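Input: a single structure, listed below in structure tokens.
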Amino acid sequence: MNEIARFLKKSWVLYILLLTPVFYLFIPQSRSDTEYLADPAKYLLEYVGLSATILFVIVLMITPLRKIFPKSPIIKAFAFNRRQIGVSVFIYALLHLLIYFAYTGSWSGFVKDWEKLFILSGIVALVLLLVLATTSNNRSVRILGGKRWKRIHRLAYAIMFLLIYHQATQEKTGYRETAKIFAPLLLLQACRIGLHAKYTFDQRSKE
Amino acid sequence: MRILKKKSWELPESAVTSEQDFINRRRFLKAVGLGSGALLGQSIAHAATSGFPSPLNSAYKLEDLEPTPYDLIKGYNNFYEFTTDKGDVQKLANQGWQSEPWEIEIGGLVDKPMKLDVNDCISKVGGIEQRVYRMRCVEAWSMVIPWDGFQLSKLIDLVQPNAKAKYVKFTSFYDPKSAPGQKSGSIDWPYVEGLTIAEARNELTLLATGIYGKPIPNQNGAPIRLVVPWKYGFKGIKSISKIEFVSKPPLNTWKALQSREYGFYANVNPEVDHPRWSQASERVIGSGFFSSRKDTLMFNGYAEQVASLYEGLDLRRNF
């Protein structure tokens, strides 16, 4: 376990893991997918967006997992890299926006879409991600001070709700895909809240 | 909106497929049919529509239309009966689902109801012909498809609807054992669509039984489907098993599912947006990453033939 954790902490391992979605595109099978051939911009748009969302879900799963398994070295390794994973979410989300620009095909079409809540939710989420990404370095933590930094980075939960909306409104029937992506995260967050409630309850009964 | 020149689709007589080309093409198609027939373990002699010649109707071959490659037409499908994943329909629709033999029932408010094999139906209406139509999906993408089929009006003449018949209701198959998407409870299966009698009788309205001169692939709605080229693709109900003439507008599946987003008419209209995206332009399937968007035409470019059907109707409310 410790060996794996040490391996996961290495930055080159992290970068390879974060680039997995890009590597996957070079598998010939995914390139011969008729959805790719039919409309490559749409395919890449959805693919990159999904990659960003999944990485985002992973980032937000780290804290509850640490509370639930406080001793696991692997989760500690993920926590160690959490800010870098967070920055990669922003990079994929930005790429998603750039592809969306190509997908709409014109500046006027691109801007006109912003009035649709479905699109607006994504853009607001991206702006918030930008705030988090630019403050995800040691200097920012120092300048802002730990407490304030933490408060700002709670914006991640606002982003979570925006992304759930963004994902759910693009489904045509039901919310199965959205549930598949976000259920593990919501479940873990519920566990975390449960644990916290139990802890405060125990503290009070001790007094 | 583009103003169409009168009779823009008319081609000179010389452009019609010659008899010799036609015979050669049938020979080629037979070879292709044999290949796919053998693959499915079926004899081509029974493949629905395979025995029928399909001469091009030059009145419906618009000059500026470049047909979408066959592989994309049969590999990029919305057919929720199998899956919501467009790239996977081709595989799932060819794993045991039987689109032949296929009976089609025509009834309701008609004088001569009938229930017959789809091949007999083609014989009764006098065979099929090829027409090249634009196809515009409500999801803002488009294709150009050379359909083989017959004008629905021919079938209507055969069954003779009575004066009370105002609408036509189409119902697709229900077979959750071989159509895995039908196991999902999010849609009330089977798929239902509807047209007004006038729409159904319009010269453009087709019952298609083939694409590119070959029997229509399972994933495209074998063996018989509706094609209404001035409406969004979801109106083109696939794999029809029942056609009924009724007095009230039938509740079509997508309207039942999301009446705020999908209506009964579903006419292609660049001026009326879908609540979540613009309908002003469309992505042309198969034209690459960049520069593949073009302006959507009013009634998908068929205003000349159908605009009169909707005179006085508020298209913004009746979307």
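Some notes on this structure:
- Considering every alpha-carbon pair of the protein assembly as shown, the percent of pairs per 20 Å bin, from zero through the bin containing the longest distance, is 19, 47, 25, 9, 0.
- Each of B:Cys137, A:Cys191, B:Cys121 was scored by other Cβ atoms within 10 Å of its Cβ. Arranged with the fewest first, they read A:Cys191, B:Cys137, B:Cys121.
- Model label points for B:Leu309 and B:Ser278, set 7 angstrom from Cα along the Cα-to-Cβ axis, are 2.7 nm apart.
- In a simple Cβ point-charge model (Lys, Arg +1; Asp, Glu -1; nothing else charged), the range A:2-185 has a dipole of about 1360 debye relative to its Cα centre.
- Beta bridges by DSSP in the protein assembly as shown, antiparallel share as percent, to the nearest 5: 85 percent
- According to the calculation over all Cα-Cα pairs in the range B:13-310, the P(r) per 5 Å bin from zero is 1, 5, 11, 16, 19, 19, 15, 9, 4, 1, 0 %.
- Computed from the C-beta positions of A:Lys180 and B:Gln98, the FRET efficiency with R₀ = 41 Å rounds to 0.85.
- Alpha-carbon centroids, the range A:151-207 and the range B:169-198: separation in whole Å: 36 Å
- Point-charge dipole on Cβ atoms (K/R +1, D/E -1) for the range B:70-182, about Cα centre, debye to 20: 420 debye
- Using a cut-off of 19 Å between Cα atoms, the listed pairs B:Lys183/B:Lys248; A:Lys67/A:Lys150; B:Lys115/B:Lys166; B:Lys166/B:Lys235; B:Lys86/B:Lys238; B:Lys61/B:Lys242 include B:Lys183/B:Lys248; B:Lys115/B:Lys166; B:Lys61/B:Lys242 as exceeding that distance.
- The length gained by stretching the chain between A:Ser72 and A:Ala197 to full extension, at 0.36 nm per residue less their Cα-Cα distance, is 42.8 nm.
- Restricted to Cα atoms, the range A:2-185 shows a radius of gyration and a Dmax of 17.6, 54 angstrom.
- Each Cα pair under 8 Å and six or more residues apart adds its separation to the average, and for the range A:2-185 the resulting relative contact order is 23 percent.
- From phi via Karplus (6.51, -1.76, 1.60), per-residue ³J(HN,Hα) for the range A:69-81 in Hz, x at Gly/Pro: 10, x, 9, 5, x, 5, 5, 4, 5, 5, 4, 4, 9
- Listing B:Trp277, A:Trp12, A:Trp114 from fewest to most neighbouring C-beta atoms within 10 Å gives A:Trp12, A:Trp114, B:Trp277.
- The value of relative contact order for the range B:13-310, using C-alpha pairs under 8 Å at least six residues apart, is 19 percent.
- Using a simple spin-label model with pseudo-atoms 7 Å out from Cα toward Cβ, B:Arg317 and A:Val124 lie 3.2 nm apart.
- From least to most packed, judged by other beta carbons within 10 angstrom and beginning with the fewest, B:Asp157, A:Asp33, A:Asp202 follow the order A:Asp202, B:Asp157, A:Asp33.
Read the figures in this text as sums done on the coordinates, not as results from a lab. No experiment lies behind these values; they were computed from the predicted model shown. Heads up, the Cβs are rebuilt from the backbone with ideal geometry, glycines too, and the neighbour counts pull from every protein chain shown.
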